[in-house]
Amino acid sequence: MRTLHQGSNGHMLSTESQGGESQVWPEPSASFVLTPQLEELVERALSYLRAGYPINLAGPAGTGKTTLALHLAARLRQPVTLIHGDDEFGSSDLVGNDHGYRKSKLIDNFIHSVVKTEETMKTLWTDNRLTTACRFGHVLIYDEFTRSRPEANNVLLSVLGERLLNLPKKCNGGDGYLEVHAAFRAIFTSNPQEYAGVHKSQDALLDRLVTIYMDHYGRDTEVAITASSGGVSTEMAEKIIDLVHFFRKRDPSGQHPSIRAAIMIARVLACQGLTCDPANPVVLSTCRDVLHVGNPCGRAKHAPPLVDLQPTLQALWGPVQDRASHAWTAAPASAGALCPGSAEEVLV
């Protein structure tokens, strides 16, 4: 049986069970957008992966690093092993460890007057995800790998350099190391070091990676992504992106809000059949909440106060001439129904 899990990142993860092993295959969903800007980035990354080099998609949050990683894996047509960086990780969380043991006891009473007893006990080794990917030739996607402590990632040095995985002991009758499958590929993603919970990676690991820096996409690409993922018209997506860019320019770092905010606004308005109407209180509250306007704990600390939001929307969007031309083409979602891009599970 094959199970499809559809999320909000433009890809579906197909899970298959073969021979007792579960394999994950990424597949683009109908909402995935590939513009010329994205296509150039994809082809550049694929050239490194096909040559056997691991890549690191580095950049601020909300620039589509994980989505691009899944798309690259789908283009390689190989199963995927997913790992998400965690400060609590140790090497065993990547490679594997002993879990439980097996005990056997033999009683030999062939000669009535002689009883011979032999008892053996051995631990049971269980592969973790890095070992599984190396053994079967999966695409390893290590999402936000710099959230794991550098010492936990030391095991990757021999994997990416010598194509050899050093195991902590001779497990399963092996020699204590595993030769990495020829089809194995690795895609890493990382956020800048100034982000909370991010560690500085060791130079030896970064030297083995081809780092591709990702920034916010161009306006046309962000409009296309917002329209497709949010389920709105291109004209409505343009208005939402203009609003996001307005607040992004007011952020000292120039990073927030990301395209995620645009997709959130688009999807919420689409689910309710609303347009970019500055006079609509629901539209105002949605933009205020998503963009953290007037919220001192939010990212948009330099946004206008609450009282200035409506004039800002009017200046950016102007009066709505034809409400129907901006709305999502389908009817508003009923209670309990899934809006466009919502997570769902389909059995095939």
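Let me know the whole percent of all Cα-Cα pairs from segment 188-281 that are separated by more than 15 Å. In whole percent, the long-distance tail amounts to 66.
If each of ALA196 and ARG135 carries a label point 7 Å out from its Cα toward its Cβ, how far apart are those two points in nm? It is 3.8 nm.
What is segment 30-81 by shape, rounded, prolate or oblate, if you read a ≥ b ≥ c off the alpha carbon gyration tensor as root eigenvalues and call it rounded for a/c under 1.5, prolate for a/b larger than b/c, and oblate otherwise? Rounded. Other residues lying with their Cβ under 13 Å from the Cβ of ALA183 contribute a combined charge of +4, Lys and Arg counting +1, Asp and Glu -1. For the peptides 215-227, 247-259, 138-150, the ranking by mean Cβ contacts within 10 Å, running from highest to lowest, is 138-150, 215-227, 247-259. Sorting the segments 203-211, 79-87, 60-68 by their mean number of nearby beta carbons within 10 angstrom, highest to lowest, gives 60-68, 79-87, 203-211. Judged by the mean number of other Cβ atoms found within 10 Å, the most tightly packed of the peptides 260-270, 42-52 leads the ranking 260-270, 42-52.
Only the coordinates and a few stated rules stand behind these numbers; no lab work does. Note that the coordinates shown come from a computational prediction; the quantities given were computed from them, not determined experimentally. FYI the Cβ positions are ideal-geometry reconstructions off the backbone, even for glycines, and counts take in every protein chain you see.
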